[in-house]
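Read-outs throughout are calculated quantities, based only on the coordinates presented, and are distinct from any laboratory measurement. Not measured: the values here are computed from a predicted model. Backbone-built Cβ (ideal geometry, glycine too); neighbour counts: all protein chains shown.
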Amino acid sequence: MSKARFMTLERHIIEGERMHPEATGELSRLLSDLAIALKIISLEVNKAGLVDILGYVGTENVHGESVRKLDMYAHEMMFKAMDHGGHLCIMASEEEEDIIHIPSDYEIGRYVLLFDPLDGSSNIDANVSIGTIFSIYRRMSEGGGPGTLADCLQQGYKQVAAGYVVYGSSTILVYSAGHGVAGFTLDPSIGEFILSHPDIRIPHRGHIYSINEGNYKYWHPGLKRYIKYLQEEDKEGHPYSSRYVGSMVADVHRTLLYGGVFMYPADSRSPKGKLRLMYECNPVAFITEAAGGRATDGKQRILEIVPEHLHERSPIFIGSIEDVLEVERFLREAEEELQGS
Ligand code: AHG
Ligand code: MN
Ligand code: MN
């Protein structure tokens, strides 16, 4: 019989905590509660083709985008699973304009949870991978009262843990508490996340770029030049392959495993890009850095951006360290040329 250890998410979290004698167990319990919500969402995502849940709800979220039913279902599941555990003082979701308080009849805890309940929602109807992203901070405000907006607006490097789930050909949860990154595949027959990727390390360089090339016309000249450079054939490792799912979680997950670079840049139509700093960029930046990669907005580290608004956006360049440094160089050099001319 194989000697491989059968490691559930639960056991992995508990064993990780044993290495930190000062830990109270609260974060472990929080993650266990979260895992339940993620399993429920996974189940619903898999059923989405069978039940009358597809299609627009007919409302728009705070970003002015159409909200699909599954987005709201995932949002509600996250809230319901996390409101009463006594671990959180506040939550915020991509699907809700304001911070979300813990109902007054429940205990208030020390942690802050931010989440994108369903990422890649435009892909639902086409059966393409979608996901959920979460980000956990320690509360900043003093006392045991309700959390505040300031508790949510922390710089990304202060995250205690972050993770995402991809509902793909299988459901995988990838998470990091800062030291290393582990992936757990959901075994649907027993309803457990089982450790399948014990120590994810991103290659220093990849051969794949990932960007919505339809926006080419609106890009910075440095980015245009960089993509053309990747397509040249007379350089070692070139031309790069192009892959773009259109669900950030899936594109980032592939980038983490295979290397390369995922980009959602600013452009002349969207000066801050599209992706949201608190729900999308920070958690994947935290995970990617913990796996040995790099994540910037083209100029500065995503994790050092000081957030001003709950729903603010940021450009993002994320992936293999050498690839991200290279795109930054192209942007910088083109910018210097523009300034000089
Ligand atoms: P969400 O479904 O949470 O609104 O996020 C969609 C995002 C992200 O998943 C993806 O990378 C990006 O939108 C794709 O945008 P484009 O269609 O502009 O390429
Ligand atoms: Mn999203
Ligand atoms: Mn979303």
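Here are a few things to note about the model shown:
- Taking the Cα centre of the chain as origin and assigning +1 to Lys and Arg Cβ atoms and -1 to Asp and Glu Cβ atoms, the resulting dipole is close to 700 debye.
- Straight-distance crosslink candidates among lysines, where the alpha carbon sits under 21 Å from residue 224 and sequence neighbours closer than 8 are dropped: 235, 272, 274, 299
- Eigenvalues of the alpha-carbon gyration tensor of the chain, scaled by 5 and square-rooted, set the equivalent ellipsoid semi-axes at 32, 23, 21 angstrom, largest first.
- Each peptide in 208-218, 162-172 receives the mean, over its residues, of other Cβ atoms within 10 Å, and ordering these scores from highest gives 162-172, 208-218.
- Lysine pairs in region 3-197 whose alpha-carbon atoms fall under 22 angstrom of each other, counting only those eight or more residues apart or on distinct chains, come to 6.
- As computed over region 208-340, the Cα convex hull volume per residue (Å³): 109
- In a DSSP loop and with at most 16 other Cβ atoms within 10 Å, there are no chymotrypsin sites (Phe, Trp or Tyr not before Pro) in region 259-341.
- A helix-only calculation puts the chain at -9500 deg cm²/dmol for mean residue ellipticity at 222 nm, using -39500 (n - 2.57) for each DSSP H run of at least four residues, averaged over all residues.
- Residues 272, 299, sorted so that the one with the fewest Cβ neighbours within 10 Å comes first: 299, 272
- Value of Rg to Rh for region 126-198, rounded to two decimals, is 1.10; Kirkwood radius and Rg both from alpha-carbon coordinates.
- For region 240-255, 3J(HN,Hα) computed residue by residue from phi via the Karplus equation (6.51, -1.76, 1.60; θ = phi - 60°) reads 5, 8, 10, 9, 8, 7, x, 10, 4, 4, 5, 5, 6, 4, 4, 4 Hz, glycine and proline entered as x.
- The charge dipole of region 3-197, taken about its Cα centre with unit charges on the Cβ of Lys, Arg, Asp and Glu (plus for the first two, minus for the last two), comes to roughly 840 debye.
- Dimensions of region 3-197 based on its C-alpha atoms, expressed as ranges along the principal axes with the largest first, amount to 48, 47, 30 Å.
- Positive-pole candidate from 288, 77, 88, dipole of the chain, charges at beta carbon: 288
- Taking the number of Cβ atoms within 10 Å of each Cβ as an exposure proxy, the fewest-first ranking of 19, 78, 72, 91 is 19, 72, 91, 78.
- The value of relative contact order for the chain, using C-alpha pairs under 8 Å at least six residues apart, is 15 percent.
- For region 208-340, the dipole from Cβ point charges (+1 on Lys and Arg, -1 on Asp and Glu) about the Cα centre works out to 440 debye, to the nearest 20.
- Sorted by Cβ density within 10 Å, fewest first, the residues 84, 220: 84, 220
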